[in-house]
Amino acid sequence: MSMRQREVDDNQAELAPEDAATRQQQAEEAAWIAQAIAGDQGAFAQLVERYSSMVYTHAYYRLSSVQDAEDAVQEIFQRAYLRLDTFDTARRFRSWLLTITSNYCTDVQRGWGALKRRLTERVPLEDVDYWLSDTQADPQRSVLQNERYDAVREAVLQLPDKYRHVITLFYWNDLSYREIVEVTGLPESTVKTHLKRARERLAQLLQAVASEDDDGQTDRGDTHHELFTTES
């Protein structure tokens, strides 16, 4: 899907009522959350199974490290579990969880992560092991497994964090502008500006890769750079 089509689809989605599948998913997750608050570990494990890959992917692109992203998955679901009773069921759970993910990554980047982990109330480690035991044995596979996306991944990691943040939310997590505003706290105009500049820079980076590979030995860049090319 081209960038322009993704924007059009996003704008149309903002105006359209929630479809039945979305409402069903929200109802299902609301039930899991209520059960988890009541002490049902299995219910929370369902949420972890659904969203651990999403959390890992976002953390990987924010932190640029496999190990840091793996650590983030555990820490973020601990934070989410401790805050479940504050969740507003009028929101999508994925947006709420991505807000926690984004805040955690910002803390780590600022060097506050270690301090916050020492000061935050902990969830017993055996609980975390239970949630993650069968849900995502190798979470980084969603980002790293497919070699033909190497060029895109490498290009995204070269972006400044403020651009990497919003483009990951928009493309990899499929959030609308409104939801990105909720997650980041940025004005919508700033979100759109960051996305525009990120797309322009990604198109340049991927075009450069394609030019380097003109000998035909690889197709890492030319397959993807048009996805991020904006119309004038």
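All of the numbers you see were taken from the coordinates with simple rules; none came from a lab. Quick caveat: nothing in here was measured; it's all calculated off a predicted structure. Counting neighbours? That spans all protein chains shown, and the Cβs are built from the backbone with ideal geometry, glycine included.
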Full extension between GLN109 and THR190 adds, at 0.36 nm per residue less the Cα distance, a length in nm of 27.1 nm
Treating every alpha carbon of segment 163-207 as one equal point scatterer without solvent, the Debye formula yields log10 I(q)/I(0) values at q = 0.24 Å⁻¹ of -0.76
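Quick check on segment 14-106: take the gyration tensor over C-alpha atoms, sort the square-rooted eigenvalues as a ≥ b ≥ c, and tell me if it's rounded (a/c under 1.5), prolate or oblate.
oblate
Using 0.36 nm times the number of residues separating ASP85 and ALA31, minus their current alpha carbon distance, what extension gain do you get? Write down the numbers at each step before the final one.
Numbers: separation 54, 0.36 × 54 = 19.44 nm, distance 1.27 nm.
So the chain would gain 18.2 nm between ASP85 and ALA31.
If you count, for each residue, the other Cβ atoms within 10 Å and average over each peptide, how do 35-48, 152-165 line up from highest to lowest? Intermediate values should be presented prior to the final figure.
Details: 35-48: 16.1, 152-165: 17.8.
Result, highest mean Cβ count within 10 Å first: 152-165, 35-48.
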